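Enquirer: I have a structure I would like to understand better, so I am pasting it below and will then ask my questions one at a time.
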Amino acid sequence: MNIRPVNNWLHISPETREQEQDSLVLLPDDYKKAESPYTIVRVNSSSTNYNAGDVLIVPTHTIQDIEVRGDIVHLVQENYVLAVVE
């Protein structure tokens, strides 16, 4: 599916994190590991300043997950980009 973002939105793909290893310590069933406040993402498409393939750092809470025709699309606004990874 092709998404063409507009109004300073970026279509992104968050980089997958490494699989968690089994803990040697017993934890409650409802325990969740603290989520990082920042996520590394790759640009799929943008309307202005970034090119497809650029790697960026954005605050995790700013990523919008939207279901479109059964697929999940990840979008973030350009003004939330903290850095470009080179």
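The values are calculated or read from the model by the stated rules, or taken from the named source; none is laboratory data. Just so it is clear, the model here is predicted, and its values are computed rather than measured. Quick reminder, even Gly has a Cβ in these numbers, built from the backbone with ideal geometry, and neighbours come from all protein chains shown. The area values use the complete protein model at the heavy-atom level, side chains included, leaving out ligands, DNA and RNA. Shrake-Rupley method; radii C 1.70, N 1.55, O 1.52, S 1.80 Å.
Enquirer: Which count do you get for residues in region 61-86 that are among the polar types (S, T, N, Q) and closer than 14 Å to I3 by Cβ?
Expert: Selection size over region 61-86: 1.
Enquirer: For region 74-86, name all the residues that are assigned to a helix (DSSP H, G or I) and open to solvent by 90 Å² or more (accessible area, probe 1.4 Å).
Expert: From region 74-86, those assigned to a helix (DSSP H, G or I) are 78-80; that's our starting set.
Within region 74-86, N79, Y80 meet the criteria.
Enquirer: On to the next question. Tally the residues that are under 12 Å from H11 (Cβ atoms), in contact with a strand residue (DSSP E or B) (Cβ under 6 Å, 6 or more places away or on another chain) and touching a residue at least 12 places away in the same chain (Cβ under 8 Å), restricting the search to region 61-76.
Expert: Total satisfying the criteria: 6.
Condition check ((1) of a type in the set (S, T, N, Q); (2) exposed (fewer than 10 other Cβ atoms within 10 Å of the Cβ); (3) in a strand (DSSP E or B)) across all residues:
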site: N7; (1), (2), (3): yes, yes, no
site: I12; (1), (2), (3): no, no, yes
site: N51; (1), (2), (3): yes, yes, no
site: D65; (1), (2), (3): no, yes, yes
site: I72; (1), (2), (3): no, yes, yes
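Enquirer: Return the residues of region 28-49 that are outside any strand (DSSP E or B) and either among the β-branched types (V, I, T) or within 11 Å of I12 (Cα to Cα) (or both); say none if nothing qualifies. Can you show your working first?
Expert: So the first thing to find is which residues in region 28-49 are outside any strand (DSSP E or B), and the list is 28-37, 47-49.
The one that is outside any strand (DSSP E or B) and either among the β-branched types (V, I, T) or within 11 Å of I12 (Cα to Cα) (or both): T48.
Enquirer: May I ask you to list pairs of residues, at least six apart or on different chains, whose Cβ atoms are under 7 Å apart, with the first in region 33-56 being at positive phi and the second being open to solvent by less than 50 Å² (accessible area, probe 1.4 Å) and of a type outside the set (G, A, S)?
Expert: Every condition considered, the pairs that remain are G53/V43.
Enquirer: Next question, about the same structure. When V58 is evaluated against the numbered criteria (1) surrounded by 10 or more Cβ atoms within 10 Å (Cβ to Cβ); (2) part of a loop (DSSP other than H, G, I, E, B), which criterion, by number, is the only one it fails?
Expert: V58 satisfies all of (1) surrounded by 10 or more Cβ atoms within 10 Å (Cβ to Cβ); (2) part of a loop (DSSP other than H, G, I, E, B) except (2).
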